[in-house]
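Undergrad: Submitted below is the structure of interest, expressed as structure tokens.
FYI, it's all coordinate maths here, none of it is from the lab. Keep in mind it's a predicted model, so treat the numbers as computed, not measured. No Cβ is skipped: glycine too gets one built from the backbone with ideal geometry, and neighbour counts run over all protein chains shown.
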Protein chains: 4
Amino acid sequence: MSNHPEEKTSFIAEARREQIMNGAIATLDEIGYAQSSLSQIAKRAGVSTALISYHFVDKSDLMNHLLMKLMERSATYIMDRVAQATTARQKLDTFIEASLAYQGTNPAHYIALLEIVFHARTPDNISYYRVEDDEDVIQHELQQILREGQATGEFSSFHVEVLASMIQGAVGEYMSSAAITRQVDLETYGQELIRMVRTITIRTEGIS
Amino acid sequence: MSNHPEEKTSFIAEARREQIMNGAIATLDEIGYAQSSLSQIAKRAGVSTALISYHFVDKSDLMNHLLMKLMERSATYIMDRVAQATTARQKLDTFIEASLAYQGTNPAHYIALLEIVFHARTPDNISYYRVEDDEDVIQHELQQILREGQATGEFSSFHVEVLASMIQGAVGEYMSSAAITRQVDLETYGQELIRMVRTITIRTEGIS
Amino acid sequence: MSNHPEEKTSFIAEARREQIMNGAIATLDEIGYAQSSLSQIAKRAGVSTALISYHFVDKSDLMNHLLMKLMERSATYIMDRVAQATTARQKLDTFIEASLAYQGTNPAHYIALLEIVFHARTPDNISYYRVEDDEDVIQHELQQILREGQATGEFSSFHVEVLASMIQGAVGEYMSSAAITRQVDLETYGQELIRMVRTITIRTEGIS
Amino acid sequence: MSNHPEEKTSFIAEARREQIMNGAIATLDEIGYAQSSLSQIAKRAGVSTALISYHFVDKSDLMNHLLMKLMERSATYIMDRVAQATTARQKLDTFIEASLAYQGTNPAHYIALLEIVFHARTPDNISYYRVEDDEDVIQHELQQILREGQATGEFSSFHVEVLASMIQGAVGEYMSSAAITRQVDLETYGQELIRMVRTITIRTEGIS
DNA sequence: CATGAATGAGCATTCATTCAT
DNA sequence: AATGAATGAATGCTCATTCAT
């Protein structure tokens, strides 16, 4: 009857894959990667374990797809906001603000992303966080902003890679450390971080 | 037979526990937390799995003891060096330098520590990195240094908790991100980081 | 719509059943009975697994139909050739020759037949090769030839069932044993076998 | 206490392995190879499935060990009896007799052997019965006897490999075909088989 | 007629743990 | 103090089968 049979089929399958991935996010958030068995994921997704095997080649296939999805979503969130800024300074502030805001927007997604990145392994048993990832668009974008600011003369001279790494570390630390999360609220943390980064990047008269 | 049965026992037992923990460190470093079964640990420690169960009440007990040991060792390494510095500025620089140096000193220990912190869970299924840890002496020491510098007037006015968190994040990021590890060597990273923190903490004329 | 719905249905259905059975033959030949899952068979038949369940009540039903088909094909091949011979001697020689030739004609069919006979089971868990099969027309035909030869005086006196069994065993052995297949070619094997059987069945003067 | 600690340990383990293999024999005999899951074997062996995995690397390791054991036992049974005969004729008769007798001695063992040989596969998915087996000592011994008889002049001229194959086929057929088993008893079958083989191998005056 | 979607049952295997020695 | 032996529970995964479409 339908004139779009393939699309309909594809749509159902895609909906199930989405449903399963959401179950996986909930599982990773609640009990962590090491405990996230297929049956735990299936329980939270409201499907049978066999259905996961039906829609994904194997467990690592599921985790890979989920990782991509989460990285993409996070990257999109940040990039969309950065794209609306014009000067390098605005972009940099927006980048930091958005990076932190994303964590607050959907903590479970962020936690799930952390759990996969820190726990999943390549077939060679190399941890993801030890793999150099050329596709880390976020890190690349941040370096791009810093270089642009230096090129236009907005920013002072500093080591781009190290500052980028420092910013990423500071942003990630907020969710990785329960202590700071409880002592400082997200907004304040963002403002203070932006101020500190500004101190480092600001152009002062008579300084190279 | 021995006239010091408890002590001798305790000594041998302690040696075995040490041996098992070293096996666990090697295992965590090589194959990661999720794959680190008791039998994998036993293999690397050169003992039977049953012996691990004999010396530790259960697997999480082993991981807890190992985590404490690794945190203590790391803390000692850093604190010992910081203790030799006199001014807050010297202490702060030394803290950053030592924190990074420790990662290079014994990468396997550092990786093992990361693996436990990011993967192990309390009985309530709360991830360690989400537990507020009053015993995080390192974080406490860093804040102490920053406050001391502000009190003596060496440092400018800044948000102590945020800067401490930023420094911790930047230090941790070096080992967590393969990209930066390959682009910048440890020494350069340390020097640049110190320079940036100095920019933030330095007292400028006419600024509150 | 059609005025011969059953027949048309029957025809298409029969074609599909044939297609599935050919897939089953290929599967049995390539990966053996134990590995021949419905999905493996479906893959080789170019249909979905569900279609197999639609055309056969269950897996054993498929195997039963296939077994019959293969036995029938094998019997026809042999019987057609034997029917053209006139004397018992000619029939016997032709029987042996044709039995061996069939193996060479379509090895995959013969392998598939062996795989089913030796691996499939009745619902009572009785192996096919332990089931007394009244419908084993080939065995029956062979015994018929031997008895006919004895009746006409062409053949000497011997134990019909044992010789029949011996011939069947010798014929089957050729494909079941890789050693003999590689040492002796099919034609030579057949010639020698015929010569030996002739020695046993030949009528000698003065011997009962 | 014991002065043979290793041997005692080894003895217990060996006893368990034996027990498990006997369970496997019973399972193969009762429900066939394709249905012989570890849990079915464990049930019949009176142990847990995990214990099978503890004593054997994996399922194929168990089957390989069992196959070797069964082949060895069968070979020993036959060879021991053949060794007591002196002339080639006596050896040949004894070989046939013993080969058949072994089937009657312990039918379950013989069935189990058949089930493995016809169902198990190498890692390359090649069926055992299609693998040329240099270690088939029984087949080798039979050919040896035939050649010896020809060398001493006891036997006539015939194709050794084909007759050996024929004998093996005839012997194997007795258990593989329910029809003959029910029609002719083992002893008669043996006697008739020996008589037929004698006709083929006997030396006649004036015949090459 | 044909299939994609879905599942409960079962698979081989590994797990942390206990226990007799 | 130390281990081999043993197991119940859980793992990821495949199976034959059903069903809505």
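Undergrad: Once Lys and Arg get +1 and Asp and Glu get -1 on their Cβ, which of A:P123, A:Q103, A:S37 lies farthest toward the positive end of the dipole of chain A?
TA: Final value for the positive-end residue is A:S37.
Undergrad: Okay, next question. Rounded, prolate or oblate: pick one for the range B:87-157, where a ≥ b ≥ c are the square roots of the eigenvalues of its C-alpha gyration tensor, a/c under 1.5 means rounded, and failing that, prolate if a/b is larger than b/c, else oblate. Don't skip to the answer; put the middle values down first.
TA: Working: a/c = 4.51, a/b = 1.66, b/c = 2.72.
Judged from the Cα gyration tensor, the range B:87-157 comes out oblate (a/c at least 1.5, b/c at or above a/b).
Undergrad: About the Cα centre of the protein assembly as shown, how large is the charge dipole given +1 on each Lys and Arg Cβ and -1 on each Asp and Glu Cβ? Please answer in debye to the nearest 20. Spell out each step's value before the answer.
TA: Numbers: 72 positive and 112 negative charges, 56 e Å.
My answer is approximately 260 debye.
Undergrad: Please list, in chain and number order, the residues 5+ apart from B:D136 or on another chain whose amide H is under 5 Å from its amide H, with Hs placed from the backbone.
TA: none
Undergrad: Sticking with this structure for a sec: Filter chain D for me: DSSP H helices, axial length by Cα at least 15 angstrom, mean Kyte-Doolittle hydropathy not below -1.0. List them by residue number.
TA: Details: long enough: D:5-31 (39 Å, -0.42); D:59-83 (35 Å, -0.10); D:88-105 (24 Å, -0.33); D:107-119 (18 Å, 1.11); D:137-152 (22 Å, -0.45); D:160-176 (24 Å, 0.83); D:186-201 (22 Å, -0.04).
Helix filter hits for chain D: D:5-31, D:59-83, D:88-105, D:107-119, D:137-152, D:160-176, D:186-201.
Undergrad: Could you size up the charge dipole of the range D:28-71 around its Cα centre, putting +1 on the beta carbon of Lys and Arg and -1 on that of Asp and Glu, and report it in debye to the nearest 20?
TA: On the way: 4 positive and 4 negative charges, 16 e Å.
Roughly 80 debye for the range D:28-71.
Undergrad: Just from its helices, what would the mean residue ellipticity at 222 nm be for chain C, if runs of 4 or more DSSP H residues each count -39500 (n - 2.57) and the sum is divided by every residue, rounded to the nearest 500 deg cm²/dmol?
TA: Working: 10 runs with 153 residues, N = 208.
Only helices count here, giving -24000 deg cm²/dmol.
Undergrad: Go through A:K91/B:K91; D:K69/D:K91; C:K43/D:K59; B:K59/D:K59; A:K59/C:K59 and tell me which ones have a Cα-Cα distance over 31 Å in this structure. Intermediate values should be presented prior to the final figure.
TA: Numbers: A:K91/B:K91 34 Å; D:K69/D:K91 24 Å; C:K43/D:K59 27 Å; B:K59/D:K59 29 Å; A:K59/C:K59 29 Å.
Where the Cα-Cα span goes over 31 Å, the pairs concerned are A:K91/B:K91.
Undergrad: What relative contact order, as a whole-number percentage, does the range B:18-138 give when Cα pairs under 8 Å and 6 or more residues apart are counted? The partial results should precede the final answer.
TA: Values: 103 pairs, mean separation 32.7, N = 121.
Over the range B:18-138, the number comes to 27 percent.
Undergrad: More than 53 Å apart: what percent of Cα pairs in the protein assembly as shown qualify?
TA: 43
Undergrad: Then there's this: Between D:V57 and B:T204, how high is the FRET efficiency from 1/(1 + (r/R0)^6) when r is the Cβ-Cβ distance and R₀ = 60 Å? Nearest 0.05. Working shown, then result.
TA: On the way: r = 71 Å, r/R0 = 1.18.
Efficiency for this residue pair is about 0.25.
Undergrad: Please give the charge dipole size of the range B:50-208, origin at the Cα centre, charges +1 on K and R Cβ atoms and -1 on D and E Cβ atoms. Round to the nearest 20 debye. Spell out each step's value before the answer.
TA: Numbers: 13 positive and 22 negative charges, 60 e Å.
That gives the range B:50-208 a dipole magnitude of about 280 debye.
Undergrad: Among A:N64, A:V162, A:L186, pick out the residue whose Cα is farthest towards the positive end of the charge dipole of chain A, where Lys and Arg carry +1 and Asp and Glu carry -1 on C-beta, about the Cα centre.
TA: In chain A, that residue is A:L186.
Undergrad: Using only the Cα atoms of the range D:1-107, build the gyration tensor, take square roots of its eigenvalues as a ≥ b ≥ c, and label the shape rounded, prolate or oblate: rounded if a/c is under 1.5, else prolate if a/b is larger than b/c, else oblate. The partial results should precede the final answer.
TA: Values: a/c = 3.29, a/b = 1.57, b/c = 2.09.
It comes out oblate by the Cα gyration axes.
Undergrad: What is the average number of partner chain Cβ atoms found within 10 Å of a Cβ in B:34-43? Write down the numbers at each step before the final one.
TA: Numbers: counts 8, 4, 1, 0, 0, 0, 0, 0, 0, 0.
Mean shielding by partner chains, rounded to a whole number: 1.
Undergrad: Just want the ordering: B:I167, C:I138, from fewest to most Cβ atoms lying within 10 Å of their own Cβ.
TA: The fewest-first ordering by Cβ neighbours comes to C:I138, B:I167.
Undergrad: For labels at B:A83 and D:T105 in the simple 7 Å Cα→Cβ model, what's the distance in nm?
TA: 7.9
Undergrad: Dipole of the protein assembly as shown (Lys/Arg Cβ +1, Asp/Glu Cβ -1, origin at the Cα centre): which of C:I200, B:T76, D:M21 lies farthest to the positive side?
TA: Value: D:M21.
Undergrad: What is the calculated FRET efficiency for D:A50 to D:Q144, with r their C-beta to C-beta distance and R₀ = 51 Å, to the nearest 0.05? Walk me through the numbers before you get to the answer.
TA: Numbers: r = 45 Å, r/R0 = 0.88.
Taking R0 as 51 Å, the efficiency between D:A50 and D:Q144 is 0.70.
Undergrad: Mind telling me which of A:Y102, A:Y189, A:Y129 comes out most flexible in a GNM of chain A, alpha-carbon contacts under 10 Å?
TA: Most flexible of the set in this elastic network: A:Y129.
Undergrad: Follow-up question, since we're still on this one. By its C-alpha gyration tensor, with a ≥ b ≥ c as the square roots of the eigenvalues, how is chain C shaped: rounded for a/c under 1.5, else prolate for a/b larger than b/c, else oblate? Each step should come with its number before you reach the end.
TA: Details: a/c = 2.46, a/b = 1.97, b/c = 1.25.
Note, shape of chain C comes out prolate.
Undergrad: Taking only C-alpha pairs under 8 Å that are 6+ residues apart, what is the relative contact order of chain B in percent? Walk me through the numbers before you get to the answer.
TA: Details: 170 pairs, mean separation 39.2, N = 208.
Computed value for chain B: 19 percent relative contact order.
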